[in-house]
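Here the structure is laid out as structure tokens; the discussion comes afterwards.
The values are calculated or read from the model by the stated rules, or taken from the named source; none is laboratory data. Nothing here was measured: the structure is a model prediction, and the numbers come from that model. Here Cβ is always computed from backbone atoms with ideal geometry, including for glycine, and neighbour counts include all displayed protein chains.
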Amino acid sequence: MNKLLLEIQQLPGLKKSVHQDYPEALNRTFEWVSREIANFVPRPPSISTSLVNWINGYLGWRIKDLYSPDKDAPISLDAPIAVDAGETTRLELLPDFTLSGLDGAIEIAQKETTQRIGLQLELYIEQDPEGKLKNSYPGSYAECNCQFLSMRRVLKDPPDRFQDLATELKVNYTTLNSHWKRKCVLSLQEIARALGYEQESQP
């Protein structure tokens, strides 16, 4: 495992950050890789590319955590901060959990409490402790499960297109899209509500 982690650090395309605590985010990511490497599934076009994409899906969130303000401190979401030798705002760093077709979905950038729920939802998707997401798939297409689709559509930045996912999984586009809307989105709504998310009522 140590040899693998050393090799991973040399892979091109691994997310970087100028934040002083970036090594901490990298260490947390390597700890996660050590625990989850058995769940890594190589995808085209190459093992190294799919490995980098898989790791970046987690590392990207750990980097965002570095710029997350203390929960008790007042924040300005529009305040510019330096990231990767450029400037962006905290609002742009907040995870985007707005899902197409998910009515009144989780708008993390709006409230700090919603942000925390969004991060909890992220962890739930990654760990899927009850197997609710992984065990939900259309027909015999086990790889086309809600956990995998959520990782690629919700946690990945930018999210993969449905057409690309259908091609990769060798699943009919309509089948994949329908499963996402009818099963996965509803499951994510249910999980978010269980974590404490309440959709604001319309005036």
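The table below gives the values:
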{"item": "Region 127-139 residues that are at pLDDT below 90, paired with ones that are in a loop (DSSP other than H, G, I, E, B) (beta carbon under 6 Å, 6 or more apart)", "result": "ASP128/LYS134"}
{"item": "Breaking point among (1) modelled with pLDDT under 75; (2) more than 19 Å from the chain's Cα centre (by Cα); (3) not in a loop (DSSP other than H, G, I, E, B), for PRO23", "result": "(1)"}
{"item": "Leading residue by the ranking (surrounded by the most Cβ atoms within 10 Å (Cβ to Cβ)) among those in region 115-148 that are over 10 Å from the mean Cα position of the chain (by Cα) and among the aliphatic types (A, V, I, L, M)", "result": "LEU133"}
{"item": "When residues of region 142-196 are limited to those that are among the hydrophobic types (A, V, I, L, M, F, W, C) and assigned to a loop (DSSP other than H, G, I, E, B), the one farthest from GLY13 (Cα to Cα)", "result": "LEU195"}
{"item": "Residues being of a type outside the set (Lys, Arg), surrounded by 15 or more Cβ atoms within 10 Å (Cβ to Cβ) and touching a Ser or Thr at 6+ places or on another chain (Cβ under 8 Å) - total across region 1-54", "result": "2"}
{"item": "Near pairs, Cβ below 7 angstrom, 6+ apart or cross-chain, from region 27-39 (polar (S, T, N, Q)) to any residue that is loosely packed, with under 13 Cβ neighbours inside 10 Å", "result": "SER34/MET1"}
{"item": "From the options ALA166, ALA192, residue that is more than 17 Å from the chain's Cα centre (by Cα) and of a type in the set (A, V, I, L, M, F, W, C)", "result": "ALA166"}
